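Taking it in order: structure first as structure tokens, then the write-up.
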Number of protein chains: 4
Amino acid sequence: MDRLPRDPDNDYTREIAAARRRVVCEATHAALAHVGSFSFDPATLPGHLEGFAGPLLVDGEYARGEFYVPLATTEGTLVASYSRGMRLTREAGGVRTTVVDDAMQRAPCFVFRDARAARAFGNWVVSNFDAIKAKAEETTHYGRLRNIEQYAVGKMRFLRFDFTTGDAAGQNMVTKATRQACLWIQQQGIDGLEHFALAANLDTDKKHSLLNSLHTRGKRVVAELTLPAALIETIMHTTAQALFEQRQLSNLGSLLSGSVSNGAHYANAIAAMFIACGQDVANVAESSAGFSYGEIKGNGDYYVSVTLPSLIVATYGGGTSLPTQRECLEVLGAYGHDQVLKFAEIVAATVLCGELSLGSAIVADEWVSAHEALGRSRP
Amino acid sequence: MDRLPRDPDNDYTREIAAARRRVVCEATHAALAHVGSFSFDPATLPGHLEGFAGPLLVDGEYARGEFYVPLATTEGTLVASYSRGMRLTREAGGVRTTVVDDAMQRAPCFVFRDARAARAFGNWVVSNFDAIKAKAEETTHYGRLRNIEQYAVGKMRFLRFDFTTGDAAGQNMVTKATRQACLWIQQQGIDGLEHFALAANLDTDKKHSLLNSLHTRGKRVVAELTLPAALIETIMHTTAQALFEQRQLSNLGSLLSGSVSNGAHYANAIAAMFIACGQDVANVAESSAGFSYGEIKGNGDYYVSVTLPSLIVATYGGGTSLPTQRECLEVLGAYGHDQVLKFAEIVAATVLCGELSLGSAIVADEWVSAHEALGRSRP
Amino acid sequence: MDRLPRDPDNDYTREIAAARRRVVCEATHAALAHVGSFSFDPATLPGHLEGFAGPLLVDGEYARGEFYVPLATTEGTLVASYSRGMRLTREAGGVRTTVVDDAMQRAPCFVFRDARAARAFGNWVVSNFDAIKAKAEETTHYGRLRNIEQYAVGKMRFLRFDFTTGDAAGQNMVTKATRQACLWIQQQGIDGLEHFALAANLDTDKKHSLLNSLHTRGKRVVAELTLPAALIETIMHTTAQALFEQRQLSNLGSLLSGSVSNGAHYANAIAAMFIACGQDVANVAESSAGFSYGEIKGNGDYYVSVTLPSLIVATYGGGTSLPTQRECLEVLGAYGHDQVLKFAEIVAATVLCGELSLGSAIVADEWVSAHEALGRSRP
Amino acid sequence: MDRLPRDPDNDYTREIAAARRRVVCEATHAALAHVGSFSFDPATLPGHLEGFAGPLLVDGEYARGEFYVPLATTEGTLVASYSRGMRLTREAGGVRTTVVDDAMQRAPCFVFRDARAARAFGNWVVSNFDAIKAKAEETTHYGRLRNIEQYAVGKMRFLRFDFTTGDAAGQNMVTKATRQACLWIQQQGIDGLEHFALAANLDTDKKHSLLNSLHTRGKRVVAELTLPAALIETIMHTTAQALFEQRQLSNLGSLLSGSVSNGAHYANAIAAMFIACGQDVANVAESSAGFSYGEIKGNGDYYVSVTLPSLIVATYGGGTSLPTQRECLEVLGAYGHDQVLKFAEIVAATVLCGELSLGSAIVADEWVSAHEALGRSRP
């Protein structure tokens, strides 16, 4: 499903890609010195390495206006597919984006003599939050300990430290800060404390968990909009009703399969943007989970949203300062400090466009095919 | 946790990276023309783009001997960490790898008048498997329809088509083949069939699901070995018992958080190898799930295994033919036809080394810290 | 939610309960000697112990016609609530029920030297299925080994033995049969077999699992019907559209919470019928999971279904032969041999009626309340 | 697995059951007028209806000393099996029990114009907690609104109201209180609020969810103790090591199957005690989930715990006031006000005994059988 039939109108060749980069340069005033500089000839490739989808119209709190979205992928058709979704949402007035939560975690596990000692420790943590916070924050300029969640099993008490981390993804930062806090806790003579593990799979780092879906890891972002029914037919060659019926089946498929997401392919946008923009690509594991929701309005329009509960992104530090990657962030106007929420919004808006594009392709194909096969259109 | 403190003995500079590439060239007789050819100066970067961890000693059915494993990451310490795990497993005799299953899916959902019609269709599918298989395989040279799983909910019948796909990851291939079969089914006058959706989140493509963990997506690979207790102490500065206790807490953390994996950070190895070797990086979402298992043997040695139930890899087609990526596969002797199981084994062995390295670091740090803090070592 | 406001038209007193039992007797020609015979005075209780909801009109393959459904509960309003749902579905033409699968399991775990030995064993099991089946069936008159599912992790191979078990729930039967087969397997000189555990939580007995939802435990039953829009308004004081919108939110709530069911309260019907009819009440844990689905038809009618993937029921043996419990089964015409699928159908139909009744109450209440609060009705 | 081979030393006949009731009466000074009063002859039954397991030695904060635990079951062997586990734990010094959390929920879903309005509402709820609490508590004498959890998806905001509910299970109480609060919220002119649903499957009422496992529903109780290695051999005919190895496989089986519990059969104890003691049996669905944990101590002893994260119990109101059920609670000294935590502790301790008994039976049987089959005992 992730590789749609090539659309000749959107297909890429080396020349088109270069021309498109020029458009992007002009539109964004970014100098693309490294993007498109290869040690081989991309025209020899079945797909291409780097493309810009768009323009994407975002109605965010941080990202406002049109953006050309860099996608590093060997699937040229993917760029075309995202561009098609972006055209739809642009003509519908743009994607509204909202960051609803923001926290990065490390979740140490404290092991006690028994459950009562673990429970007493839980109370102690509440009472000593300020001291723990002070200790943790000694290790970091940007990290702030926002709160500590507690989870009790047997004689163990897991603490889930929630930090805000500025413009960094922050896994390093919160690990050091949490470790510092844990070592300090260990020195406080807590009754019955046997030992602690700095991590024991509750964070949940580098793998998705329902806990992350519930309580956010990184940014929790919603992208949403209402699509006029007529626009869906004109641009996507399908109907709001058909998309909505597909949503019902997809919800069922997700519940039945125990999937981490009821979306179609969030991972495609996220992986392609993460590579292009210098993000830690291992975080695709967590960042690609989420929730899709659709609703037919009274007038037949189609409201859709995607929620990314654990989107881990950075606009400073790590791979973001590599030349090509930095250029890609700069094209989005999202490199450096105080840009991470803007970048998060653009990612979420892009994910939504990809869902609409692929969803429409699935539905339209079947409708068309059904028509061909049966000599009738579906009511 | 994913970013360990830098180990000065293993740290990378541009010179060391180049020297390391020379070693890899000599050891593997691969010409690295593109790996290490950048349009910018990697020495200016905080980390580096491409490193080789190893050598990794694999005792597989397809991968046999020592391998230098390409990791594309901006975290130099990650390469160092994997190398440390590889040293441990090499000195322990190497990692035994086994591909235990292999299938790629597309799971259409057929919607009927009622549950009885859906059930009758289920029986029809069993009776007509040969015809369905013939129809599906018309579209592909390499894809073979192995079997069709069936899942029943309400008036829907999901069919999960399982294909083998040669050396390709195969999502495209199985989508086309399944679509062809579905269109043919639609023409057979099945009683009560209303329509079908070619995909409805049961595949589960580009997102993890428990169904994938149970029934495999891509390759199902096990990497395992028994580590002598003394070796763990010498190389990892911790003990088998400490690693095993950490495993118990991690199992609990995974059960409690509803994680898709009880491993520590499978995604790190998988993302870095996927980028380096031209894999579809969006598949990190599915490929990074899995199961870790540990066991203290009677003599105190430590048996460990990782199981990757949904590893999606290719050694031909797509991004594998890009120059740098192809070189990386060639360094592993895993480019081209009939190499995909070899590559899958190397990925799984690498994942296991990373689990041992990070697991040891977590445990050793805490032990050391506890010692510093309390003036005693833990029994 | 499970305890609705008392409906004075449906409320129970001792006299009404007795009168209702007389109605049931006459309608079903069952002698209720034990039902309603208490060692205390039920009129002194806040609720009552045993009620009959209905009549329930079932359009099943085994259950056909009207049934008075025994519910053992201390919540009189529960009986009233189910009766209301039964009135709705009766006037809509009855609930269509279909048993789509039937199997009871025991899932031993075989532990091997390594994953390769485990894989070889997997192949051996396929080749030796007939012999394994013969051995297993030596221990039972009714149990038939239908197939063996295989699940591979590390050096373990879980076998999930699927039996049909006649009119018994069959957990005992399949445990003995599987044990016999395992002991025989153990004697066959399987290479690398270290030991086996007769059970290791994959069955999954006495607790729900997604595996059970996917692959059935006990009976997999669907109950479904299409409700005329007008009937929903007349009887339920709400609309098809409102019920459908509630379904959307409930789907989201279930996905987000990681629930074993997207239904509202399957457990209420199942627990009350299980107690009344001599079922093993511990099986409520597994039997109460399931999937709800709704669909607005072109003409505004509302199609609904419930799927119970792991309904564990018996009509012979165990508690079914206790006098009161047997009477309750006899009221349904479902005591004894060859009745278990009939009973399963009635349970599923009852669950569906309860979902409609509670769902309507939630929605209608809010609609009414919104009206009161805001002086307007919702469009 | 739930029905073990009958142990002739523990088997029940009508006489033994009566004698046992006399013992219980004398030990507990409770008058068992209704327990054992049947309208039929229990000696004609394959099993029996009501048994007392024990004595169970509990070292709780509320339950202290020996208890005879009423189990309503048709499986006489179940009572015997629990009694065996109780003997083991009694001789080991008793089961330590701890209630670590206590809350009952209703989780309404508020639907807004868009995600920003939903987010603003989330902040409003935090600022107006005291007013919401006051409004909710108007409807109840015992219910106290402890806190409100918030979960964000799309344009929805789920609020999970956490109440303490005195000695009642409290579902009714919290539904009324939450409804009152929601109606009040609806009148406050919240910007963008479209409507709310009083429940939408996030509670999660009458079905298990991971959310309940994480955040408690009803009582969260831990039962734990350390078993001397020798006692396991004497009483259970197996070893600590064997039990621990079985735990490893069971953890794996639970992770792989997506089970709501890694325990063996919590539901058996819970269902039998719930029926006997007048609890709402539908709550078996939620109450039977949980977490088992085991640890071999340095000296070879075996530490075990069970955690019940969502145990829903009452000692006052509902079915607890029925004569037989009240008697059963009185036998435990747990009828009436301020007894609910005591009862919760006894349930958890009973669950633990059942886990040990069944676990040992599984392991011992296989060990014996392996011995018979292979002419050797396993190390």
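The values are calculated or read from the model by the stated rules, or taken from the named source; none is laboratory data. The shown structure was predicted, so the numbers you read here are calculated from the model rather than taken from an experiment. Positions of Cβ are generated from backbone atoms using ideal geometry, with glycine treated the same way; all protein chains shown enter the neighbour counts. The area values use the complete protein model at the heavy-atom level, side chains included, leaving out ligands, DNA and RNA. Shrake-Rupley method; radii C 1.70, N 1.55, O 1.52, S 1.80 Å.
The table below lists the values:
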read-out: Of every Cα-Cα pair in segment D:224-305, the percent that sits beyond 22 Å; value: 39
read-out: For segment C:122-271, Kirkwood radius (reciprocal of mean inverse C-alpha pair distance, Å); value: 18.9
read-out: Peptide ranges A:119-132, D:90-103 listed from the most packed, as the mean C-beta count within 10 angstrom indicates; value: D:90-103, A:119-132
read-out: Using θ = phi - 60° and Karplus 6.51 cos²θ - 1.76 cosθ + 1.60, couplings along segment C:235-242 (whole Hz; Gly, Pro as x); value: 8, 9, 6, 8, 10, 4, 4, 5
read-out: Residue mean of other protein chain beta carbons inside 10 Å, D:285-295; value: 6
read-out: Per-residue ³J(HN,Hα) for segment B:114-127, Karplus 6.51 cos²θ - 1.76 cosθ + 1.60, θ = phi - 60°, Hz, x for Gly and Pro; value: 7, 5, 5, 5, 5, 5, 4, 4, x, 5, 4, 4, 4, 5
read-out: FRET efficiency, 1/(1 + (r/R0)^6) with R0 56 Å, evaluated for B:Ala27 and D:Glu66 via beta carbons; value: 0.20
read-out: Net +/- balance of residues flanking B:Leu211 in space, Cβ distance below 10 Å, scoring K and R +1, D and E -1; value: 0
read-out: Average partner coverage of D:276-283, which counts Cβ from other chains inside 10 Å; value: 6
read-out: Förster radius 45 Å - calculated FRET efficiency between A:Glu138 and D:Arg113 (Cβ-Cβ, nearest 0.05); value: 0.55
read-out: Volume per residue of the C-alpha convex hull in segment A:194-257, rounded to whole Å³; value: 142
read-out: Per principal axis, descending, Cα span of segment A:108-202 in whole Å; value: 40, 25, 17
read-out: Placed amide H near D:Gly263: partners under 5 Å, 5+ positions off or other chain; value: D:Gly290, D:Ser292
read-out: Two-site label geometry, A:Arg146 and D:Arg146: point separation in nm, points 7 Å out along Cα→Cβ; value: 2.3
read-out: Surrounding net charge for C:Leu332, when Lys and Arg each add one and Asp and Glu each subtract one, Cβ distance under 13 Å; value: -1
read-out: Neighbouring partner chain Cβ atoms per residue of A:94-104, average, 10 Å criterion; value: 3
read-out: Protein accessible surface hidden between D and B, which excludes ligands and nucleic acids, total in Å², probe 1.4 Å; value: 1600
read-out: Accessible surface, per residue, of segment B:108-202 when the full set of protein chains is kept, probe 1.4 Å, Å²; value: 34
read-out: Proximal charge balance of D:Gly263 [Cβ under 9 Å; K/R count +1, D/E count -1]; value: +1
read-out: ³J(HN,Hα), Karplus 6.51/-1.76/1.60, whole Hz, each residue of segment A:193-201, x for Gly, Pro; value: 6, 8, 5, 9, 10, 5, 8, 7, 6
read-out: Filter on A:Lys155/A:Lys176; A:Lys176/A:Lys206; A:Lys176/A:Lys207 - keep pairs with C-alpha separation over 22 Å; value: A:Lys155/A:Lys176
read-out: Protection-proxy order for peptides D:264-272, A:152-160, each taking the mean of Cβ atoms within 10 Å per residue, highest first; value: D:264-272, A:152-160
